Ligand code: FCB
């Protein structure tokens with residue numbers, strides 16, 4: 001039997017736009033994801049109708065047996081135009097949600113920005129515009145003032161790589177732009193927004209959630225090793241070094257400058273601001289095996305497709321790679337010191353419901369991986385499974401199912417899957 005540390009957080013995670021629906025309710029303003037249909041053609045108009053069904057969903061969280069819940073606030077519900085005036089109905093909604101969680105002994109872990117930027121701010125350039133950072137700091141301060149007496153842990157920004165790159169370079173996420181320079185600029189401002197929010201905090205703890213993607217060279221050749229190092233720089237080091245060391249890695253600064261010109265939007269003092277926060281959030285889904293690919297954009301490498309490698313896959317086609325999670329956590333401590341870590345997301349697409357043996361096995365192997373890291377001295381304080389329930393998976397719509405709870409989108413009925421019961425037992429016993 002593997003026991004976890006006392007006070008370990010056993011949570012599940014969601015984000016506002018992926019579950020709430022009710023986009024016109026209570027004075028909410030538009031966000032960049034409103035009406036943004038990716039390749040699936042689906043939109044978040046209804047999603048899980050959680051904005052209306054939240055009381056039932058909180059009951060369900062209680063029944064599952066988790067002791068923490070990570071969710072995001074919709075910025076456009078609090079500030080419909082991104083800035084004052086504040087919409088009191090939006091504020092009151094999350095106030096009730098937080099109280100209901102606490103009544104059931106569930107710790108609310110609150111994300112401030114999970115991609116649903118107010119459209120009014122996008123109209124002024126969104127995250128490419130440095131002014132958005134100050135709008136975010138004001139929004140963060142308002143949330144700290146309103147809920148900080150009950151919320152201890154705050155996630156400032158969710159996955160600046162994904163929002164920055166998929167939204168501003170690949171164009172497959174909102175706002176749908178395709179410009180690497182704009183993406184690097186947006187990422188810089190997202191990191192700066194994290195730092196500014198951390199400065200505004202008066203009590204509690206902040207952390208940023210990174211989409212970390214451990215890389216492994218496809219062979220021992222120098223070219224593949226170099227390729228894996230660049231891929232690591234692009235996905236991981238750019239973010240980790242900035243927040244945890246207060247500097248961007250020199251090799252990547254140079255590579256970006258070669259591709260997009262001088263990064264003159266990085267001003268003196270910015271990295272001191274960025275280097276803030278009390279813990280780091282790790283979102284982990286899979287690893288990358290990387291080989292050199294001269295001429296490939298934006299950098300000369302490619303990630304070997306999991307199907308090509310003859311490795312176990314989730315139903316979403318990603319490699320199931322739990323030991324890479326242990327490696328990643330051990331590396332974080334080795335390279336960046338003893339900063340507390342929350343696994344803010346980990347999960348997978350599996351089709352079955354209510355019987356989902358694949359997800360049950362995925363959970364077990366990844367929790368063992370986390371436990372292995374803890375035994376090696378890595379200060380992991382909690383684990384949040386993505387996701388509490390099936391939801392709107394961005395550009396992929398409703399087809400991929402990540403939930404511990406099944407959602408029937410016709411009736412909005414929720415059914416706990418086998419994995420949900422299994423996870424609840426682990427959470428309750430604090431052991432695997
Ligand atoms: C992460 C996102 C989250 C969800 C999972 C599957 O990149 O943070 O919202 O879409 O992937």
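Derivation of every value follows stated rules applied to the coordinates shown; laboratory data play no part. Here the structure is a predicted model, which is why all the values come from computation and not from measurement. Heads up, the Cβs are rebuilt from the backbone with ideal geometry, glycines too, and the neighbour counts pull from every protein chain shown.
Structural remarks
- Once Rg and the Kirkwood radius are both taken over the C-alpha atoms of region 151-220, their ratio Rg/Rh works out to 1.10.
- Area projected by the alpha carbon convex hull of the chain, averaged over all directions, nm²: 19.1
- Using the alpha carbons alone, the radius of gyration of region 309-412 stands to its Kirkwood radius in an Rg to Rh ratio of 1.03.
- Across 359, 55, 237, mean-square fluctuation computed from a Gaussian network of the chain (C-alpha pairs under 10 Å connected) peaks at 55.
- Taking label points 7 Å from Cα along the Cα-to-Cβ direction, residue 63 and residue 199 give a separation of 4.7 nm.
- Estimated at 0.36 nm per residue, the fully extended path between residue 250 and residue 145 surpasses their Cα-Cα distance by 34.0 nm.
- If you model region 228-332 as an ellipsoid using its alpha carbon gyration tensor, with each semi-axis the square root of five times an eigenvalue, the axes come out at 28, 20, 9 Å, biggest first.
- Gain on full stretching of the segment that runs from residue 104 to residue 293 - 0.36 nm per residue minus C-alpha separation: 62.8 nm
- Value of [θ]222 nm, deg cm²/dmol, for the chain, DSSP H segments ≥ 4, -39500 (n - 2.57) each, nearest 500: -11500 deg cm²/dmol
- Relative to its residue count, region 140-272 spans a Cα convex hull of 126 Å³ per residue.
- Convex hull (Cα only) mean projected area of region 59-203, reported in nm² to one decimal: 8.6
- √(5λ) per eigenvalue of the Cα gyration tensor, region 281-348, largest first, Å: 24, 18, 10
- For region 314-366, the alpha-carbon coordinates run over 41, 18, 15 Å along the three principal axes, in decreasing order.
- For region 216-261, the Kirkwood hydrodynamic radius from C-alpha pairs, put into Stokes-Einstein at 4 °C and a viscosity of 1.567 mPa s, yields a diffusion coefficient of 116 µm² per second.
- Mean projected area of the convex hull spanned by the Cα atoms of region 1-56, taken over all viewing directions: 7.0 nm².
- Gain on full stretching of the segment that runs from residue 130 to residue 170 - 0.36 nm per residue minus C-alpha separation: 12.3 nm
- Once the mean of 1/r is taken over each pair of separate Cα atoms and inverted, region 1-130 shows a Kirkwood hydrodynamic radius of 15.8 Å.
- Separation between Cα centres of region 136-199 and region 50-92, rounded to whole Å: 18
- Take the Cα of residue 179, go 7 Å toward its beta carbon, and the backbone nitrogen atoms of region 111-150 under 14 Å from that spot belong to 122-130.
- What the Kirkwood sum gives for region 111-177 is a hydrodynamic radius of 12.8 Å, with every pair of different alpha carbons counted.
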